[in-house]
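S.K.: I'd like to ask you about the structure that follows.
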Amino acid sequence: MSDTYAKIPQPFQNIGCQDLLKEAISNCGWVRKQHFASKLKLFRWPKVYMILSRGCIYYFRNEYCKTASGKFSLFGFNTVARATEVSDGEAMYAFKINHTHPEEFKSYLFACSSEKEMKEWMKCIKEELKIANDSGKRDGDYYYTDGFMHKQTPEAQGSSADSGFGPSADGDTTSISYKDIEESIYDDPTSFQPPSDYGLYAKKADEASDDEDIPNEPPPVPPRLANAEPNPKTKRKKKRKKKKEKMDELDQLPDISKVAVSRTDMAAKLQADAISAEMKNMFGKEKQKSTESEPSSTTSRNKKQPSVETQEVEDADEEEEEEDEGDKYWQSIHFEGEKEKASEIIRDIGENGVFLVRNGDDGGKVLVVFADNMPKKYKVNCKDNEYFIATAGPHAETLEEMLFEYFTTDLPNTTVKLTTPFQLHPSQQ
């Protein structure tokens, strides 16, 4: 490596989130990262826990992960700026860390929950950009201006004040202008010449993603339960299936007019006629509606009938497949094992909304879901043949129907909703 870049900050190759938090950090917290999700170039914004430390950025799936999902040095990056190319509909308060050679090396986009949070991240990253690219002090004189570190020398503090990036006496940083934050590190970006081994810790611009364990696909949508209120299409299918069963019963009735009977069997024939008339009175209207539009020709009718029956069978098969899919989905929520292991699984997955249902000590059920950066446990109550977690929350006749409501309703005491059964999460496949 060239002596010019003898002190390039490089990320730790193997370090967990908790261990990294014990190092010198300038900022940390939850953000959303633009993540390449498919060959169609559709992006999504998974939530990650990001740490800014010693001129490098790390991001983890949660605070307890043993390895980072991604990491990179800020060496060679030129600006941090608001990402005007990202619409509010896609992600609000987005910012971009731009490389000096964006055509060759990858730039990164992140999004925050508020403008204040975005600006604070941008300010901290700008300071680290200056340090990583030798515009500030390093090693023993490594300095920060956000209050997280306390190794500032008087000279470093003076430099910080002069740059306009240090906090004011009351800790206010909102007065810092975007113009100052977004100013380039390199007046001429082409003056940055990557060393020969730069590709070892910088991603190429055409690389789909450097996210090592962030799921590539969104979680599956839970199917509507068979005993829950079906959608109109399902209602029509069930109606057609029921109608077909009635029609089959009617078609199986004997045509008594063609049965030769003796005089002594007349009583039996009259009784059979009465039964036939009653059945036709019950189902005849539907039979009539189905045949009114058919030609009087027996041949024509016979040609049409198989196609109708085939369609009805296909509808019934499709409905059975939907029910099988729903059964498999809801079977995947259950965990059989120790409660400590259940919490460990959810903690290791570490993605908001991932959940399982385990057995409780009292013989009931307990919902375990990752929310607010930890596994949260909810006792499932059953009273008067209704399942519920909170008295003021959704109630349902089955456990599955009650859980289904929490896919669109916040769980008690959090803003998190259910998303994915633990067995269906990519990390468990």
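The values are calculated or read from the model by the stated rules, or taken from the named source; none is laboratory data. Since this is a predicted model, take the numbers as computed values, not measurements. Neighbour counts run over all protein chains shown; Cβ positions are idealised from the backbone, glycine included. Accessible surface areas use protein heavy atoms only, side chains included; no ligands, DNA or RNA. Shrake-Rupley method; radii C 1.70, N 1.55, O 1.52, S 1.80 Å.
S.K.: Mind grabbing the accessible area of D348 for me, 1.4 Å probe, Å², rounded to tens?
M.R.: Ignoring ligands and nucleic acids, D348 comes out at about 100 Å².
S.K.: Another question, then. So what J values fall out for segment 100-105 if you push phi through Karplus, 6.51 cos²θ - 1.76 cosθ + 1.60 with θ = phi - 60°, rounded to Hz, Gly and Pro as x?
M.R.: Once θ is set to phi - 60°, the couplings for segment 100-105 become 5, 10, x, 6, 9, 10 Hz.
S.K.: Give, as ranges by residue number, the residues of segment 347-365 whose backbone N falls under 17 Å from the point 7 Å along Cα→Cβ of Y64.
M.R.: Zone members listed by number: 347-358.
S.K.: Oh, and also: Let's test the formula: R0 of 35 Å, r as the Cβ-Cβ distance of W30 and D327. What FRET efficiency results, to the nearest 0.05? Don't skip to the end; give the middle numbers.
M.R.: Details: r = 36 Å, r/R0 = 1.02.
Here the calculated transfer efficiency is 0.50.
S.K.: Okay, moving on. Starting from 0.36 nm per residue, how many nanometres of slack lie between D410 and Q13 once their C-alpha separation is accounted for?
M.R.: Details: separation 397, 0.36 × 397 = 142.92 nm, distance 3.77 nm.
Once the chain is fully extended between D410 and Q13, it gains 139.1 nm.
S.K.: For segment 46-111, with every protein chain kept in place, what is the accessible area per residue (1.4 Å probe, Å²)?
M.R.: Accessible area per residue: 33 Å².
S.K.: Sticking with this structure for a sec: May I ask you to rank C56, C28 by accessible area, largest first, using a 1.4 Å probe over the protein chains only? Each step should come with its number before you reach the end.
M.R.: Values: C56 0, C28 40 Å².
The most accessible residue leads, giving C28, C56.
S.K.: Going through the cross-link list K22/K96; K66/K341; K341/K383; K47/K379, which pairs have a Cα-Cα distance over 19 Å in this structure? Don't jump to the answer; show the numbers that get you there.
M.R.: Numbers: K22/K96 27 Å; K66/K341 17 Å; K341/K383 28 Å; K47/K379 27 Å.
Listed pairs above 19 Å: K22/K96; K341/K383; K47/K379.
S.K.: Would you rank K379, K126 by solvent-accessible area, highest first, keeping every protein chain in place and using a 1.4 Å probe? Don't skip to the end; give the middle numbers.
M.R.: Details: K379 115, K126 10 Å².
Per-residue accessible area, sorted high to low, gives K379, K126.
S.K.: Further question: How many nm separate the modelled label positions at D187 and E90, each set 7 Å beyond the Cα in the direction of the Cβ?
M.R.: Distance between label points: 3.4 nm.
S.K.: Which length gain, in nm to one decimal place, applies between Q423 and D362 when the Cα-Cα distance is subtracted from 0.36 nm times their residue separation? Before the final figure, lay out each step's value.
M.R.: Numbers: separation 61, 0.36 × 61 = 21.96 nm, distance 2.44 nm.
Stretched fully, the Q423-D362 segment lengthens by 19.5 nm.
S.K.: Let me ask another. Taking all protein chains together and a probe of 1.4 Å, list R358, R44 from the most accessible to the least accessible.
M.R.: Details: R358 20, R44 55 Å².
Result of the area sort, largest leading: R44, R358.
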